[in-house]
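Asks: Can you keep this structure in mind? I'll have questions shortly.
The values are calculated or read from the model by the stated rules, or taken from the named source; none is laboratory data. Computed from a prediction, not measured in an experiment: that's the story for all the values here. In this analysis, Cβ positions are derived from the backbone assuming ideal geometry, glycine residues included, and neighbour counts consider all displayed protein chains. Heads up: the accessible areas ignore ligands, DNA and RNA and are worked out on the full protein's heavy atoms, side chains in. Shrake-Rupley method; radii C 1.70, N 1.55, O 1.52, S 1.80 Å.
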Amino acid sequence: GKLPLFDGINLNAAKSDKIALIGKNGTGKSTLLKLIAKQLMPFSGTISCDETPYYVPQHFGQYAEMTIAEALQVNSKLSALKEISEGIVTQENLDLLNDDWDIEERCSQALKFWGISEASLLEKVNTISGGELVKVFLAGILIHAPGLVLLDEPSNHLDRQSRLKLYDWITTTKSTLLVVSHDRELLNLVSRVAEITPKGIINYGGNFADYQALKQREKETLNKEIQNKQGALRKAREKEREVNERQQKLDARGEGKKEKSGVARIMMNTLRNNAENSSAKLK
């Protein structure tokens, strides 16, 4: 029952692209990530991904009652591995595990990398801090090694050391990245900026600093054009004032002459109408 947030937008990302999604608050940056992650469905249009997206959200309310393993989508594999190790070797367990025999070790190493090795995969998400929760989802990138990563304000709640780890990963990863962030240092690590505007998505090559420099040049050019237009408008108004004053003098002289010469009233009205038409043309 509301106006569409997006209409006729297009965005393409090639392999290993690192794209920053920017735009004013309310333009739909986070919503676009959710659409790509298939957490929301569009009313129309298509979203096509050759890779399965891995999504690091900004808000975690929907995960509150999940365990860390469930939030990371590894609970089924871990359960299957546990049962197989206990001798319950069923086809269902083998299918769930899908030859991912080192899943437990990868989870442990990923949590350790982000400095949360003490976190248990079985504990609830709502028992850990915001910073630890961000690290949990960042650890999921190392666990799943996705080809497409969607990051929504990933440096929020992180300490400086963890931010540096994140920056290093962004710099070195071969995954395709789509990032929403207000972190200028992070935004300067991308190779492309996509700005969401009422006219659609506008692409800019380079990082956020390059984007800012280009926008500043555009602003300066626009200001110069405005100044030129304002100067032309002032000249036009001055010219209009001069013409009006001259016309008023001519009209006054004409009226005096007509009255003195005894011109008929009907002829005076005709002359007056002609004068008014001339004034309209001048305006």
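Asks: When the Debye formula is applied to the Cα atoms of segment 1-44, each taken as the same point scatterer, what base-10 log of I(q)/I(0) results at q = 0.13 Å⁻¹?
Replies: -0.33
Asks: Shifting gears a bit: Write down Rg/Rh for segment 80-160, rounded to two decimals, with Rg from the C-alpha atoms and Rh from the Kirkwood relation over Cα pairs. Provide the component values of the computation, followed by the final result.
Replies: Details: Rg = 14.9 Å, Rh = 14.3 Å.
Taking Rh as the inverse mean 1/r over Cα pairs, Rg/Rh reads 1.04.
Asks: Hey, rough spin-label estimate for Arg237 and Asp102, points 7 angstrom out along Cα→Cβ, what's it come to in nanometres?
Replies: Between Arg237 and Asp102, the label points sit 7.5 nm apart.
Asks: With r defined as the distance between the Cβ atoms of Leu142 and Lys219 and R0 fixed at 35 Å, what FRET efficiency is calculated, to the nearest 0.05?
Replies: Calculated value: 0.25.
Asks: Can you flag which of Lys18/Lys77; Lys34/Lys174; Lys15/Lys215 are past 25 Å Cα-Cα?
Replies: The pairs that break the limit, which is 25 Å between Cα atoms, are Lys18/Lys77; Lys15/Lys215.
Asks: Please state the shape class of segment 111-255: rounded when a/c is under 1.5, otherwise prolate if a/b exceeds b/c and oblate if not, all from the C-alpha gyration tensor. Walk me through the numbers on the way to the answer.
Replies: Details: a/c = 4.99, a/b = 3.87, b/c = 1.29.
Cα axes put segment 111-255 in the prolate bin.
Asks: Would you pull out the residues with amide H under 5 Å of Ala119's amide H, same chain only if 5 or more places away, H placed 1.01 Å from N?
Replies: none
Asks: Sticking with this structure for a sec: In whole Å, what are the Cα extents of segment 119-177 along the three principal axes, biggest one first?
Replies: Cα extents, longest axis first: 33, 25, 17 Å.
Asks: Then there is this: For the chain, what is the calculated [θ] at 222 nm in deg cm²/dmol (nearest 500), taking -39500 (n - 2.57) for each run of four or more DSSP H residues and dividing by its residue count?
Replies: Roughly -16500 deg cm²/dmol at 222 nm, from the helical runs in the chain.
Asks: Taking segment 1-85, which trypsin sites (Lys or Arg not before Pro) meet the DSSP loop condition and have no more than 14 other C-beta atoms within 10 Å? Let's see the in-between values first.
Replies: Values: sites: Lys2, Lys15, Lys18, Lys24, Lys29, Lys34, Lys38, Lys77, Lys82; in loops: Lys2, Lys15, Lys24, Lys38.
Sites meeting the loop and neighbour criteria: Lys2, Lys15, Lys24, Lys38.
Asks: Round to a whole number: what % of the accessible area of the chain belongs to carbon and sulfur, probe 1.4 Å?
Replies: 51
Asks: Select from the chain the helices, each a whole stretch of DSSP H, whose alpha-carbon atoms run 20 Å or more along the helix axis and whose Kyte-Doolittle mean is at least 0.0; answer none if there are none.
Replies: 130-144
Asks: I need to check one value: relative contact order of the chain, counting alpha carbon pairs closer than 8 Å and at least 6 residues apart, in percent.
Replies: About 24 percent, as a whole number.
Asks: Among (1) 71, 20, 15; (2) 73, 17, 16; (3) 44, 22, 16, which one is semi-axes √(5λ) of the Cα gyration tensor in Å computed from these coordinates?
Replies: Answer label, from the structure shown: (1).
Asks: Next question, about the same structure. Based on the Kirkwood radius over alpha-carbon pairs, what is the Stokes-Einstein translational diffusion coefficient of segment 1-151 at 37 °C with 0.692 mPa s viscosity, in µm²/s?
Replies: 187
Asks: Let me ask another. Step through the table entries Lys24/Lys229; Lys224/Lys249; Lys219/Lys239, compare each Cα-Cα distance with 32 Å, and write down the pairs that go over it.
Replies: Pairs exceeding 32 Å: Lys224/Lys249.
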